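Read the figures in this text as sums done on the coordinates, not as results from a lab. Just so it is clear, the model here is predicted, and its values are computed rather than measured. In this analysis, Cβ positions are derived from the backbone assuming ideal geometry, glycine residues included, and neighbour counts consider all displayed protein chains.
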Amino acid sequence: MAISFLDNNEKDSIMLKAAVLKNRLGSETSMREESQPEQIRASFLSDSVFKTALNVSAVFMLLILAGIFVTLVLESIPSIKAAGFSFLTGKTWDPVFREYGTFVFLVGTLVTSFLALIISIPFSLAIALFSGEYFRQGVFSSFLKSAVELLAGIPSVVYGFWALLILVPLVRTFEMKAGIIPYGVGILTASLILAVMIVPYSASIGSDIISLVPSDLKEAALSLGSTRFEMIMKVVFPYARSGICAGILLSLGRAIGETMAVTMVIGNSNLMPENIFSPANTMASIIANEFTEATGDVYVSSLIEVGLVLLLVSLIITVTGRYIINRTSMQQ
Amino acid sequence: MESQVLKVTNFSAHFSGNQVVNNVSMKVAHNKVTALMGPSGCGKTTLLRCINRMHELIPEAGVSGSILLHNKDIYRMNPILVRKKIGMVFQKPNPFPTMSIYDNVIAGYKLNGISLKRDEKNRIVEDSLKKSALWNEVKDRLYKKGSFLSGGQQQRLCIARALAMNPDILLMDEPTSALDPKATSHIEELLTELKNNITILLVTHNIAQAARVSDFTAFMYLGNMVEFGLTEKLFTVPEDKRTEEYLSGKFG
Amino acid sequence: MTDGKLVFRIIKDRLFQAVVILFSFAMIVPLFLIIYYIIRNGISVINWEFLVSLPKPMGDIGGGIANAVVGTAMLVIVATVFAVPLGVCAGIYLSENKKGRIAYSVRLCMEILQGVPSIVIGIIAYSWIVLSMGTFSALSGGVALAIMMLPVIVRATEETLKLIPENLREASLALGVPYSRTIIKVIVPAGLTGILTGVLLGIARIAGETAPLLFTAFGNPFMNINIFKPVDSLPMLIFNYATSPYPLWHAMAWGASFVLVVLVLGLNIVTKVITNRWKVRF
């Protein structure tokens, strides 16, 4: 048996073989081969068109975000020129006298959001522990999870409507009994409804983070004779601390940007709030309330600058939270 | 009287600075099974992927030397054309999960936008499935999803898919490494039947498999072609000491 | 280590567990209250008439929310038409170019975009479209909602395509299928369930949004199907009626809330069913 194919100088014979082989494959194949050059060109064209389309859409995402910032800054210029730095520190917002100080709204936003956060933390931590540690599976856990998802799915305007008709009278009754001016609407009401709205976010992030705590660490603590409570305090919380904080930060970011529910129950007062029962305005609610009625360039521009400040404040919080989460999940 | 389908000359491949295949030359004979064996990491899979020009899909990959398919340099051809002419079967069975068994077999035509007549399609599907010894098992459920078959059946479906394109040569990258012993012997039987009609280049790290199914064997070690020749000869009187050591299980 | 101390520790442990359970289920109370009021007050106004007729002038009994239903449908369609092709393409880009500066910036950009307050997006759509066209319009509202939808779709597409095994792509390329066809005919179909889920979640996210519509789609008490004119929408209608002092309009708002909540929660449920049922097996 001669291994002729190991011989290098057999070009002709091989060409012949190739031709025979090609013939054997039948007419259908050769027809395909004839039409191939065209097909290949077409497919290369579409490959490059396709890749270009992908690139363009990716770059477009960057352009949208850049466009958002550029637009906000450009549209804010008249207001920045008119008010300068006193825009942030001024305590009077009076469009009639062309005074645009937003310090009141900054305070309103921060107080409402932090109050909501404080109210929500015990609940979201409890839910996070419930579904991330105590009951990972089972009917109760999935029931709770669906309930939290339902809460997250309800539109903000529906929350606002419900709060306006149900929660406001409740708060008013409470205020009457406590001897405070019974507005009903105000910072506390807004914070209460905001708290309900942000619990789903911090709870779901928290339970994800808590369920990531390695079980061998937890078992080690239990095997040393600690109770589950001690194990949670000494092992789970320290381990998951940064993740839980990030979840809380993210829900704070949501609370700051939340518009509708707050606008409907905060009372829309441009005066500095005296206590948590006072009506107030947040940065988001002042825009929602006055934007369509604003007349004059500086008035509109001032509202847009409020939007810019709102964006920057919530971005700093969201990006910090995301950064912490990405770092923690990378460590896992 | 035999001839060569594929000729690899002084071929090297690297990616991100690592030389994976080093100045390799070999030939693949018409309608024979040629086995490419060696310990893992020896470059055999890379060489195989270079032949189908799949290697270049990895960023920072490069090659030198030549690979001739029927005396035409595949690196001077359009990669899409090369891949149409050269069939490939992978380590893990990879039928298209969204397609039926029938569509999986003619996937090469379908995805390339080649329209075929109904009876032509039927003929190709039946032929290819018969060649890959799967026809009897699936003929009643051709329109079910391919991913519901067993591992061995899935691999034979992938072989049918490659055969349907009438390739000049069929490359197989450890086609049985993800299968159980029974499915493996099934595929090996299939290989010995298939070689009457098609040229096969088989990568394997299983010495026994190379001995069982191949006519020629190449032994690669650390990117180099250590020895290449008739399987009988390589297994009985190896020329290189490293081949001998590998065959006797001293390394790998 | 006295027994008393141990008992105390055990009591503390049990107490903590009880508190966790109590607080967890306390959150269900507002949920039930909200759902309860929406159902109780909503069901009584809802009938076929309510869904297909237009609002009546103030004081007249009856009337419906047909204009808002149609408006919401238009806004969702406009947003989907803009966001889905762009978002899916960008998602494919991200899964194809896992590393690289552009991919990194796009990912960061999506995270930032997700955190942009919805009212700010309203300002943007106002500046970009309402100002240049000189009128409030369904188009501007749709664009605002599209910007809100994009991060959801991009993320869902990227995450889905990332999970598709590499060998599937190789199988297709090895058959000589060009890159673009491999992506469109093999990779995207394999991830279709995930992408569809992302689109539906995106729609669920925007269908209930009000803030971006305040000064874009604006609202309209009449039926309008011209995308260059203002339209009403369910959330806007709820907002306008809810903040009015008329109980009759409050009743309408409850009805609209019911419709909106059923729509949004229905989308969430459909999404879940799709994810569980149509999962592609690899």
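General remarks:
- Solvent-free Debye calculation, one equal scatterer per alpha-carbon of the stretch C:3-43: log10 I(q)/I(0) at 0.26, 0.29, 0.35 Å⁻¹ equals -0.80, -0.87, -0.99.
- Residue-normalised convex hull volume from the C-alpha trace of the protein assembly as shown: 224 Å³ per residue.
- With the largest listed first and rounded to whole Å, the semi-axes of the equivalent ellipsoid of the stretch A:203-332 from the Cα gyration tensor are 43, 17, 9.
- Cβ crowding within 10 Å averaged over residues, with A:80-92, C:69-81 ranked highest first: C:69-81, A:80-92
- Residue pairs, from the table B:Lys92/B:Lys144; A:Lys91/C:Lys229; B:Lys32/B:Lys144, whose Cα atoms sit over 30 Å apart: A:Lys91/C:Lys229; B:Lys32/B:Lys144
- A:Arg98-A:Ile77 pseudo-label distance in nm [points 7 Å out on the Cα-to-Cβ vector]: 1.9
- Converting the Cα gyration tensor eigenvalues of the stretch C:153-282 into ellipsoid dimensions via √(5λ) gives semi-axes, longest first, of 43, 17, 10 Å.
- Mean separation of Cα contacts under 8 Å, 6 or more apart, over the residue count of chain A: relative contact order %: 23
- Cβ-based exposure ranking for A:Met283, B:Met37, in which fewest neighbours within 10 Å come first: B:Met37, A:Met283
- Considering only trypsin sites (Lys or Arg not before Pro) in DSSP loops that have at most 11 other Cβ atoms within 10 Å, the longest stretch of chain B without any of them is B:118-249.
- Among the residues of A:118-130, the average count of other protein chain beta-carbon atoms within 10 Å of the residue beta-carbon is 4.
- Pairs from the table (B:Lys85/B:Lys121; B:Lys7/B:Lys121; B:Lys85/C:Lys99) lying more than 21 angstrom apart at Cα are B:Lys7/B:Lys121; B:Lys85/C:Lys99.
- Within a Gaussian network of chain A (alpha carbon springs, distance under 10 Å), most fluctuating of A:Ala203, A:Ala294, A:Ala221: A:Ala221
- HN-Hα J in Hz across the stretch C:213-218 - Karplus 6.51, -1.76, 1.60, θ = phi - 60°, x for Gly and Pro: 8, 3, 10, 10, 6, 6
- Counting only lysines at least 8 places from C:Lys5 when in the same chain, those with an alpha carbon closer than 25 Å to its own are A:Lys218, A:Lys234.
- Other residues lying with their Cβ under 13 Å from the Cβ of A:Leu106 contribute a combined charge of 0, Lys and Arg counting +1, Asp and Glu -1.
- Helix A:36-83 and the longest principal axis of the Cα set of chain A meet at an angle near 20°.
- Within straight-line reach of C:Lys272, meaning a Cα separation under 18 Å, sit the following lysines at least 8 residues removed in sequence or on another chain: A:Lys145.
- The tail of the calculated P(r) for chain C beyond 30 Å holds 47 percent of all Cα-Cα pairs.
- Computed from Cα positions, the angle between helix A:297-331 and the longest principal axis of chain A comes to roughly 60 degrees.
- Taken one residue at a time, the phi angles of the stretch C:249-255 give Karplus couplings (6.51, -1.76, 1.60, θ = phi - 60°) of 6, 4, 4, 4, 5, 4, x Hz. Gly and Pro are set to x.
- The mean number of Cβ atoms from other chains found within 10 Å of a Cβ in peptide C:28-39 is 5, as a whole number.
- Normalised contact order of the stretch C:49-277, rounded percent, pairs of Cα under 8 Å and 6 or more residues apart: 27
- When the alpha carbon coordinates of chain A are projected onto the principal axes, the ranges are 110, 69, 35 Å, largest first.
- Ordering of B:183-192, C:43-52, B:170-179, C:147-156 by burial proxy (mean other Cβ atoms within 10 Å per residue, highest first): C:147-156, B:170-179, B:183-192, C:43-52
- Three principal axis lengths of chain B [C-alpha, angstrom, descending]: 54, 39, 38
- Amide hydrogen proximity for B:Ile169: with H placed 1.01 Å from N in the peptide plane, the residues at 5 or more positions away or on another chain lying under 5 Å are B:Gly87.
- DSSP loop chymotrypsin sites (Phe, Trp or Tyr not before Pro) with at most 15 other Cβ within 10 Å: longest gap in chain B: B:1-142
- Anchor B:Lys182: aspartates and glutamates whose Cα lies under 19 Å away (excluding residues fewer than 8 positions away in-chain): B:Glu137, B:Asp173, B:Glu174, B:Glu193
- Average other protein chain Cβ within 10 Å of Cβ, residues B:167-179: 1
- Summarising the amide proton neighbourhood of B:Ser12: residues at separation of 5 or more, or on other chains, whose placed amide H is nearer than 5 Å comprise B:Asn23, B:Val24, B:Ser64, B:Gly65.
- Amide H contacts under 5 Å for B:Lys27, placed H, 5+ residues apart: B:Val8
- For trypsin sites (Lys or Arg not before Pro), the sites in the stretch C:188-282 that DSSP calls loop and that have at most 16 other Cβ atoms within 10 Å are C:Lys279, C:Arg281.
- Value of [θ]222 nm, deg cm²/dmol, for chain B, DSSP H segments ≥ 4, -39500 (n - 2.57) each, nearest 500: -9500 deg cm²/dmol
- In order through the stretch C:148-162: 3J(HN,Hα) via Karplus (6.51 cos²θ - 1.76 cosθ + 1.60), integer Hz, x for Gly, Pro: 6, 7, 3, x, 4, 5, 4, 5, 4, 4, 4, 4, 5, 5, 4
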